[in-house]
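Note sheet for the following structure.
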Amino acid sequence: MSTVGLLLSCLFLKEALALSGNFWHITDLHWDPTYELSNNPEVVCASSGSRPAVGAGQFGDYVCDSPWHLINSSVYAMKNILPDPDFIVWTGDDTPHVPNEDLGEEAVLNIIHNLTNIIQEVFPSGFYTEKLLNQPGFRMLVLNTNLYYDQNMLTQNTADPAGQFSWADQVLTEAANNKEKVYIIGHVPPGFFEKKRSKPWFTPKFNKQYVDLIDRHHSVIAGQFFGHHHTDSFRMFYNTRGSPISTMFLSPGVTPWETTLPGVVNGANNPGIRVFEYDTQTLLVKDVVTYYLNLTHANAATGRWEKEYRLTESFRVPDASPASMHQVLERMANNHCYLQKYYEFNSVNYDMTDCDSDCRVDHVCAAREVDFDRYEDCLVKEGAASIYGGLLPILSVAVSLILTKQ
Ligand SMILES: *[C@@H]1O[C@H](CO)[C@@H](O)[C@H](O)[C@H]1NC(C)=O
Ligand SMILES: *[C@@H]1O[C@H](CO)[C@@H](O)[C@H](O)[C@H]1NC(C)=O
Ligand SMILES: *[C@@H]1O[C@H](CO)[C@@H](O)[C@H](O)[C@H]1NC(C)=O
């Protein structure tokens, strides 16, 4: 290459780098301050309920919420991997899974205090909000979606709890007028849990209002970042013509805690943390890189956080735009290799069993349809597709047998 060519490509490279930013998304740290190693596996942590913590070690156990050692390790891992992110998105759930009456307000505040402390200590304070605010054309919309939780009896008879939908509508309208781009962050997502068929978190009316909000404002929404599931998944939003208009990224949790939700099998995960790479001009999500701790290995040997996968490499897509995420979904839906890969990532390499045809329907429909009715339609359609898919080889053998006979 000539010197000029080299110089030019360096300039372009610099330009390309300048347009690229990155941020951390961490969620569901769930610190359990009671975690303590013991000879009796039933008393290791309050969050296990009465389940024995048979694999308990320094970094935790799959039936327990995070010991402090795991929290500390995850925050220092972030510092090692990417010490200078543009900002950190932290979407909550800080307290252990124990009955509310066992916790109390003071304990909750202490937990939040300690978690905030360590993040600020390791990533010296203030800097991320400043960078965020100093960036023109960029807005972060933080929604308290706990208001829409179907367990939340306080809001069930309210049309728009805390006026949040109308406020969000206004913020997004202003953003459009100001030609801004917006990231939406929240904790509890709309739609369905991919590990349990027909299990939503929102009540039907709030789910519909959320879908409508995205539908109206998708042109300014560059991404949605949520947690709550502890798993690694995503949700697609489509317009009435079926074109992908928005994606919600569900990031895996730090806590490995196995869910006690009835009907979920193998519902634990390895601790995960995640970097999003984005275009600083348009806020387009360019890539998603997930890092994880193999908890079994960490307890047995050393706590080593490693790269789990890079979205564009693993799913062969150019970026993480809605169009590309739609492609990811279609690959999962139609190709077992991609489905299996997605499935192993879903539990952050914890559940490596085969994703069978029921599993395929659960994951594909949860990712494809946030709307309640459309999700149920998808179950029927994809369920039928699985049956035909299973029958097809048998039918073709039968046909070829008939053909050979004649
Ligand atoms: C947290 O992790 C860092 C880095 O590994 C280590 O130096 C420090 O001692 C840990 N602190 C606690 C309280 O575990
Ligand atoms: C939590 O914060 C309190 C008050 O600042 C402190 O005394 C305590 O050592 C912290 N706990 C941990 C595990 O860092
Ligand atoms: C995690 O570590 C355990 C123990 O070393 C090992 O058996 C297992 O294969 C590891 N899992 C992955 C996904 O690498």
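Just so you know, all these numbers are worked out from the coordinates, no wet-lab data involved. Bear in mind the structure is a predicted one, so any value in this text is a computation, not a measurement. Every residue, glycine among them, receives a Cβ derived from its backbone with ideal geometry; neighbour counts consider all protein chains shown.
Observations, loosely collected:
- Hz values of 3J(HN,Hα) by residue in region 225-235 - Karplus curve (6.51, -1.76, 1.60), Gly and Pro given as x: 10, 10, x, 6, 6, 6, 9, 9, 8, 7, 10
- Built amide H within the under 5 Å cut-off of F193, gap 5+: K199
- Between the beta carbons of V142 and A384, assuming R0 = 30 Å, the FRET efficiency works out to 0.15 to the nearest 0.05.
- Relative contact order for the chain, counting Cα pairs under 8 Å that sit 6 or more residues apart, in percent: 16
- Packing-based order for 221-234, 167-180, using average beta carbon neighbours within 10 Å, highest first: 221-234, 167-180
- Taking a Cβ cut-off of under 9 Å around K286, the surrounding Lys, Arg, Asp and Glu residues balance to a net charge of -4, with basic ones at +1 and acidic ones at -1.
- Applying 1/(1 + (r/R0)^6) with r as the Cβ-Cβ distance of E306 and S50 and R0 = 45 angstrom yields a FRET efficiency of 0.85.
- Evaluating 6.51 cos²θ - 1.76 cosθ + 1.60 at θ = phi - 60° for every residue in region 270-275, the Karplus couplings come out as 7, x, x, 9, 8, 9 Hz, glycine and proline recorded as x.
- With the charge dipole of the chain set up from +1 on Lys and Arg Cβ and -1 on Asp and Glu Cβ about the Cα centre, the Cα lying farthest toward the positive end among the listed residues P124, T158, Q209 is that of Q209.
- Note on the chain: with charges restricted to the Cβ of Lys and Arg (+1) and Asp and Glu (-1), its dipole about the Cα centre is near 1320 debye.
- Nitroxide proxy distance, nm - points 7 Å out along Cα→Cβ at N239 and N72: 5.2
- Taking packing as the residue-averaged number of other Cβ atoms within 10 angstrom, the listed peptides 112-123, 307-318 run from highest to lowest as 307-318, 112-123.
- Theoretical FRET efficiency, 1/(1+(r/R0)^6), r = Cβ-Cβ of L19 and L103, R0 51 Å, to 0.05: 0.70
- Close amide H contacts of Y309 (hydrogens built in the peptide plane, cut-off under 5 Å, sequence separation of 5 or more or a different chain): T290.
- Anisotropy class of the chain from Cα gyration tensor, a/c 1.5 cut: rounded
- Working ranking of peptides 244-255, 337-348 by packing, defined as the average number of other Cβ atoms within 10 Å per residue, highest first, is 244-255, 337-348.
- For region 17-405, share of DSSP beta bridges that run antiparallel, in % to the nearest 5: 60
- Additional length obtainable on full extension of the chain from R374 to S357, 0.36 nm per residue less Cα span: 4.2 nm
- Computed lengthening from T116 to E174, 0.36 nm per intervening residue step minus Cα-Cα distance: 17.8 nm
- A straight line joining the Cα centroids of region 215-272 and region 78-108 runs 18 Å.
- Whole-Hz ³J(HN,Hα) from phi, Karplus 6.51 cos²θ - 1.76 cosθ + 1.60, for region 290-301, glycine and proline x: 9, 10, 8, 10, 6, 4, 4, 5, 4, 5, 7, 10
- Cα gyration tensor shape for region 259-342, rounded if a/c is under 1.5, else prolate or oblate: oblate
- Long-range amide H partners of F225 with built H, under 5 Å: I184, I185, G186, F249
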